[in-house]
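The values are calculated or read from the model by the stated rules, or taken from the named source; none is laboratory data. Just so we're clear, the structure is a prediction, and the values are computed from it rather than from any experiment. Cβ placement follows ideal geometry from the backbone for every residue including glycine, while neighbour counts extend to all protein chains displayed. Calculation scope for accessible area: heavy atoms of the full protein, side chains included, ligands and nucleic acids excluded. Shrake-Rupley method; radii C 1.70, N 1.55, O 1.52, S 1.80 Å.
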Amino acid sequence: MSISLDSISKTKRARAPKVVIFGQGKIGKTTFAAMAPEAVGILTEDGADNVNANAFPLCSSLEDVYQAIGVLLEEEHDYKTVFLDSLDWLEPLLHEHVCNQHNWKSIEQPGYGKGYTEASSEWRTLLNGLEALRTNRGMGVILIAHDRIKRIEDPLTEGYDSHVLKLHDRAAAIVQEWADIIGYAGYRVLTTKVDTGFGNKETKATATGERILHVEAHPAHCGGNRFGLRNMPLSWNDFHAALSAAQS
């Protein structure tokens with residue numbers, strides 16, 4: 001590559017997004033992903049039976065996942081989006097793959113975090129494959145995960161609980177750094193103070209049933225995006241409209 005003043009160009013351009021969506025089970029994450037343009041799924045968990053989607057057969061190994069990515073990369077097709085459902089069901093397959101390579105009985109056998117260091121390298125290999133689909137085939141990528149609650153110890157404030165990806169911390173950090181958009185899917189909850197007598201108040205929470213995709217950073221959940229998107233209904237149409245407006 002030749003570097004000169006003539007090689008300088010604008011960096012801003014509209015590209016297919018890299019999206020991570022996580023949250024509690026059965027809230028509609030897979031349905032959201034399946035509504036993306038010409039979507040095809042790579043499934044590591046058997047939970048898409050009630051979703052009208054195109055998908056490869058259920059993957060039982062990391063090699064199956066890599067094979068599906070290779071097919072999309074090398075063969076002719078009209079798919080424009082690939083979604084992987086789900087990351088937390090993929091993680092044991094990835095750990096098994098790493099253990100088989102090193103003849104370990106478990107990812108923790110080598111000690112001192114070495115197993116998770118090797119797993120981190122494999123996570124990057126996986127994400128590089130998905131990145132190739134985006135770069136070479138123009139495909140959008142949506143990664144789906146469940147959530148867990150983690151205690152965050154922050155030196156600037158008191159500790160607090162937060163919804164995070166249901167992955168090992170190292171894997172979660174790699175996935176979050178890779179993504180353009182990280183959205184937490186949850187229900188809108190209203191809270192009210194109720195008088196319980198003797199001057200005491202108790203907080204009552206009421207779920208509205210409204211599903212929200214939280215794409216703004218917040219202490220209650222990991223999240224954020226590179227487009228200035230605001231929280232919105234958990235709907236592909238709303239998401240697509242907001243993203244298109246931001247990219248234009």
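What do you get for the angle between helix 236-247 and the principal long axis of the chain? Use alpha-carbon atoms, 0 to 90 degrees, nearest ten. Long axis of 236-247 versus the principal axis of the chain: about 70 degrees.
The phi torsions of the stretch 64-76, fed into the Karplus equation with coefficients 6.51, -1.76 and 1.60 and a -60° offset, translate into couplings of 4, 5, 4, 5, 4, 4, x, 4, 5, 7, 9, 9, 6 Hz, rounded to whole numbers, with Gly and Pro shown as x. Across the chain, the mean sequence separation of Cα contacts (distance under 8 Å, 6 or more residues apart), normalised by length, yields a relative contact order of 21 percent. With the charge dipole of the stretch 106-170 set up from +1 on Lys and Arg Cβ and -1 on Asp and Glu Cβ about the Cα centre, the Cα lying farthest toward the positive end among the listed residues 143, 155, 119 is that of 143.
Computed from point charges on the beta carbon alone (+1 for Lys and Arg, -1 for Asp and Glu), the dipole magnitude for the chain about its Cα centre is near 840 Debye. Note on the stretch 33-78: dipole from Cβ charges, positive end direction compared against 37, 56, 67; the farthest Cα belongs to 37. The GNM of the chain, with springs linking C-alpha atoms under 10 angstrom apart, assigns the highest mean-square fluctuation among 24, 109, 176 to 109.
Close amide H partners of residue 212, meaning residues 5 or more places away or on another chain with modelled amide H under 5 Å apart, are 186, 187, 188, 234.
The H on the amide N of residue 84, modeled in the peptide plane, is under 5 Å from the matching H of 42, 142, 143, 144, each at least 5 residues off or on a different chain. Residues in the stretch 116-123 carry Karplus couplings, in order, of 6, 5, 5, 5, 4, 4, 5, 4 Hz; the curve used is 6.51 cos²θ - 1.76 cosθ + 1.60 with θ = phi - 60°, and Gly or Pro positions show x.
Modelled spin-label separation between residue 2 and residue 235, with each label point placed 7 Å from Cα along the Cα-to-Cβ direction: 5.2 nm.
In order along the stretch 25-37, phi translates into HN-Hα couplings of x, 6, 9, x, 5, 5, 4, 4, 5, 5, 7, 5, x Hz, rounded to whole numbers, per the Karplus curve 6.51 cos²θ - 1.76 cosθ + 1.60 with θ = phi - 60° and x for Gly and Pro. With both residues required to sit in the chain, DSSP beta bridges show an antiparallel share near 50%.
Calculated accessible area for the stretch 68-129 comes out at 55 Å² per residue, all protein chains present (probe 1.4 Å; ligands, DNA, RNA ignored). Helix 169-178 and the longest principal axis of the Cα set of the chain meet at an angle near 70°. The GluC sites (Glu not before Pro) of the stretch 33-135 that meet both conditions, a loop assignment by DSSP and at most 14 other Cβ atoms within 10 Å of the site Cβ, are 38, 75, 76, 108. Note on residue 210 and residue 24: their simple-model spin labels are 1.7 nm apart, each label 7 Å out from Cα toward Cβ. Helix 87-102 and the long axis of the chain differ in direction by around 50°, with both axes built from C-alpha atoms.
The alpha carbon centroids of the stretch 105-123 and the stretch 60-81 are separated by 26 Å.
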